[in-house]
Structures are given as C-alpha cells and as structure tokens.
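Data block below; observations after.
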Amino acid sequence: MTPEQEALRDAVRSLLAKHSDVRAAIETPDGYDKDLWARLCDIGVLPIPEQYGGSGAGLAETRVVLEELGRTLTPSPLLASTIAARALLRFNDTGRLLRRIADGAVATLAWDSVEVTSTEAFDYPEVNAASHYLGGTARYVLDGDLAEVLLVSDGAWVYEVDLYGVTREHTPTLDQTRRLATIHLTNAPATRLGRWSPEIRDIALAALAAEQVGAAARALELTVEYTRTRVQFGRPIASFQALKHRMADLHVLVETARSAALAATDEVSAAVAKVYCSEAFYKVAAEMIQLHGGIAITWEHDAHLYFKRAHGSAQLFGSPQDHIERLSRFAHR
C-alpha cells in the first residue's frame, strides 16, 4: 500500500475500534450506525472524484476501507453505495446523484449478478420505453429498503428509479450484519442513465472480496489468540503441533485470498476472487467455530457472527458455483 492508503487504513481502524458496536447497530431500525456512517463519509471512503463532492479516493482506497469494515463486521452502506457510485461514473449527467452519495445518501443498484438459469434471485424489470416506467421485482438488494438513490438494471440499461411506485421490504437473513431487501416496482417512474456493463459486476465482486479477506484475517487472528489461552492437558492448545499446522494452513489461505482480491481487475480475475475468497472465508470461519468450542455458538461471542457473514457473503452476487460455471464458459470460448 502507499503511505496514503496506510494512513487511511489506520484512521478507519482507529475509528471503528472506538465507535463500532455491531450488536447495537443491528438492533437499530436501519441496521447500521448512522453517526458512524457520517464519520466514514467525512474521512472520504467513497470512490467519488472531487468534482462531484468526493475526496478523490479510488477503488483501491475503498477496498482498504472495506477490508477494515470486514474485520469488524461493521454494518455499513459502503458496499452498496460504492457499486452504485461506480455505475454512475460511467454515465453522463449523473453528477447530481454522485454529489448526494458523497454527502452520505445511501445508494444501491438492483441487478442480476451473474448469468444464471434460475429466475428466483432476480426477476428482470419490464420496461415500457414509451412512458419510462418500470415494473418487476428485485430480490436480495443490498440496503434496498434504506436507499435514497435507487438504481435498477434490466440487463441492458441502468435506470434511476423514482421511489414513487416502489414498495420495499426488509428481507431478514442469517447474517444480521448485512441489510438486504425485496423491491417491487409497480409502474415506477424511471430515467434511463446508460447501458449496463459487466464491469459493474466485476467491481462489485472485487469490493466484496476485499471485505471477505478482512473478515477472514480477523477471524484467524481471534482464533490464534484463543488457542494461546485455552488450556488442555496442562498447556495451551496452541503448543500442539497439529494445531500449529492448521493455523499455518489457514494463514496461507488468507494471504492467498488477499492476493486474489488485489488481482481482481477484470472479468475472469473478479470471478476467481469471488470463488476463492468466499471459500477461504468459509473455511476460516468454520475452523474458528470448531477451535473455540461451545463458546463459539453463544450470542456473546463473535465467532458465530463471522460464520454467518461467511455464509451470507458466499451467496451475495452469485454463489461460488455460479461463478465457477461462468469461468468454465470462459475456458471454452
């Protein structure tokens, strides 16, 4: 990382150490700490150019922040707002929306994350080109019930949707630290912004991978710390050779996942990062549960939160299997 990125990481980590309270946040009506979100926006964590009111941060800087948010599992609209902002930067005359996002407005993009045969995850909105109204249903939309800026893709175009004519409902999931929603569009007024691009999906996968790496790294740190204090047969279990091997394997897994996340710059590498980081995080979280023993499944301990986040993140923007199928199609081109 550059010195500036290291300073950003340290600033965000310090802020989260002082103000992030995951359990308190998920109990709020919106599922995240609005004051903390405002502080993050003041730091300049969104990848929005200065001409639109942002700090000039790029995707590299936002990934640094997402990794820190992943470490603490802090509920935040950053992932959804980042995807929406980067989509808007592809289009003309969207400075008005970008300025709102830079000021802290929650934004999201409803889209079909992969080319899957099932329609259960997302029913493409129907577009009436003559009247510019949308109808349809989008499911599992990040922060969809909270978004002040709502973008929707029908697979060909991206639209700004007026919230009039939109019904939104929170969708409870296993991972309480991630806010998802179902959005029903009933002749919702919409403005066409520009063509959909697969690059938007790739940005989303890369951003999610960075968050997964941060969570996996912290889960491993907590597990190592616990094995140093848990005593069996008169000595810490961290001293047993078998556990040393397991910790070493997990360390390699996390560092390889970090490399995959950093390398996610195109369609293929983004799909690889999604698959590898999802599986790495799941493996580390599962080992965290096992090595902590019974305490890991108590509400007071964080282990179960990492385990739930690992499961939820693996399915977000398409499951690893979905992206493996995409990669197999690339191989046969």
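Things worth noting here:
- Some residue of the range 226-248 being crowded, with 21+ Cβ neighbours inside 10 Å, touching a helix residue (DSSP H, G or I) at 6+ places or on another chain (Cβ under 7 Å), over 20 Å from Glu68 (Cα atoms) and of a type in the set (A, V, I, L, M, F, W, C): no
- Answer from Glu160, Glu169 - the residue that is farther than 26 Å from Arg23 by Cα and outside any loop (DSSP other than H, G, I, E, B): Glu160
- Checked against the criteria, Gly31 does not count as of a type outside the set (Lys, Arg), surrounded by fewer than 18 Cβ atoms within 10 Å (Cβ to Cβ), in contact with a helix residue (DSSP H, G or I) (Cβ under 9 Å, 6 or more places away or on another chain) and in contact (Cβ under 8 Å) with a residue 12 or more places away in the chain.
- Yes/no for Ala248 being assigned to a helix (DSSP H, G or I), out of contact with any Lys or Arg (no Cβ under 9 Å at 6 or more places or on another chain), hydrophobic (A, V, I, L, M, F, W, C) and at pLDDT below 95: yes
- Tyr140 being on the phi > 0 side of the Ramachandran plot, surrounded by fewer than 22 Cβ atoms within 10 Å (Cβ to Cβ) and not charged (D, E, K, R): yes
- Some residue of the range 285-301 being within 28 Å of Ala60 (Cα to Cα) and not basic (Lys, Arg): yes
- Some residue of the range 287-298 being in contact with a Lys or Arg (Cβ under 9 Å, 6 or more places away or on another chain), under 28 Å from Leu109 (Cβ atoms) and assigned to a helix (DSSP H, G or I): no
- The requirement of being modelled with pLDDT of 95 or more, in contact with a helix residue (DSSP H, G or I) (Cβ under 7 Å, 6 or more places away or on another chain), farther than 30 Å from Phe330 by Cα and not in a strand (DSSP E or B) is fulfilled nowhere in the range 86-95; no residue meets it.
- Given (1) aromatic (Phe, Trp, Tyr); (2) assigned to a loop (DSSP other than H, G, I, E, B); (3) at pLDDT 95 or above, number of the condition Phe307 does not satisfy: (2)
- In the range 186-202, the residues that are surrounded by fewer than 24 Cβ atoms within 10 Å (Cβ to Cβ) and hydrophobic (A, V, I, L, M, F, W, C): Ala188, Leu193, Trp196, Ile200
- Selected residue [outside the structural domain of Gly144 (by TED's automatic domain parsing), among the small types (Gly, Ala, Ser), within 19 Å of the chain's Cα centre (by Cα) and surrounded by fewer than 23 Cβ atoms within 10 Å (Cβ to Cβ)] from Ser55, Ser14, Ser20: Ser20
The values are calculated or read from the model by the stated rules, or taken from the named source; none is laboratory data. These numbers come from a predicted model, not from an experiment. All Cβ positions, even for glycine, are placed from backbone atoms using ideal geometry, and neighbour counts span all protein chains on display.
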